[in-house]
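See below for the structure under consideration.
Throughout, read-outs are computed from the coordinates displayed, never taken from laboratory work. Owing to the predicted nature of the structure, the values given are computational and were not obtained by experimental measurement. Glycine also receives a Cβ, built like all others from the backbone with ideal geometry; neighbour counts cover every protein chain displayed.
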C-alpha cells in the first residue's frame, strides 16, 4: 500500500530558515568581536614597542656605566700610581665630559645618541680617604620628554635603571 506523504508545514519552515544564512545580529556581533580583538592586539603591539625601546636605552646606558667603572678601576691600580682610591675622572673635568670624548684618553663617546637624549652621568662616592671607597654610578637620560633617573649627587643619592654600586681600592 503506497502512502502519500504530505510535508508538515513547520518542518518546511525550519529547513528554509536554516538555509537562509546568518542574521544581521549574528554578523553585527561577529564584527564587533573581531574589531575589539584587532584594537586590543594593536595596543599590545604598541606597548611592546615602547618597552623594547626603553630596554634598548637601558642596555646602552649600562654600557656607559661600565665604561666609567672600568676607567675608575684602571686609574686605581697600584701600577698607575694609586695610593688612595679616587673617583676623579682621568681628564680632570667631569665624567660626562670624559664619556663624551671619542678621542683616545676619553670614554669613546656616549651610547645614547638619539635626539634629545640629554645623557648625564652621576657619580656618588663615600667619604674621601676611605679604603675601600664606596661608589655609585648612574647614567640618566631624557626619553619622550620624561627624565629617566636622578643623576644629581648633590642631594646625596643617585638612581637610575642604569646604575651600579661598587667598592674601589688600590690594587
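By its C-alpha gyration tensor, with a ≥ b ≥ c as the square roots of the eigenvalues, how is the range 92-171 shaped: rounded for a/c under 1.5, else prolate for a/b larger than b/c, else oblate?
Taking the square roots of the gyration eigenvalues as a ≥ b ≥ c, the range 92-171 is oblate.
In whole Å, what are the extents of the range 88-136 along the principal axes defined by its C-alpha atoms, from largest to smallest?
Largest first, the range 88-136 extends 39, 23, 14 Å along its Cα principal axes.
With springs only between Cα atoms under 10 Å, which of 82, 140, 151 fluctuates most in a Gaussian network model of the chain?
Checking each option, the largest mean-square fluctuation is seen for 82.
Taking 7 Å along the Cα-to-C-beta vector as the label spot, tell me the residue 34-residue 166 distance in nanometres, rounded to one decimal.
5.7
Which distance in Å, rounded to a whole number, links the C-alpha centroids of the range 44-107 and the range 118-171?
Here the two parts' Cα centres lie 10 Å apart.
What FRET efficiency do you get for residue 144 and residue 27 if R0 is 45 Å and r is their Cβ-Cβ distance, rounded to the nearest 0.05?
Approximately 0.65, to the nearest 0.05.
With the chain treated as a Gaussian network of Cα nodes joined by springs under 10 Å, which of 60, 22, 133 yields the largest mean-square fluctuation?
In this elastic network of the chain, the residue with the biggest mean-square fluctuation among 60, 22, 133 is 22.
With the contact rule set at Cα under 8 Å and sequence spacing of 6 or more, what percent relative contact order holds for the chain?
Value for the chain: 19 percent.
What Kirkwood radius, in Å to one decimal, follows from the Cα pairs of the range 22-168?
For the range 22-168, the Kirkwood estimate is 17.9 Å.
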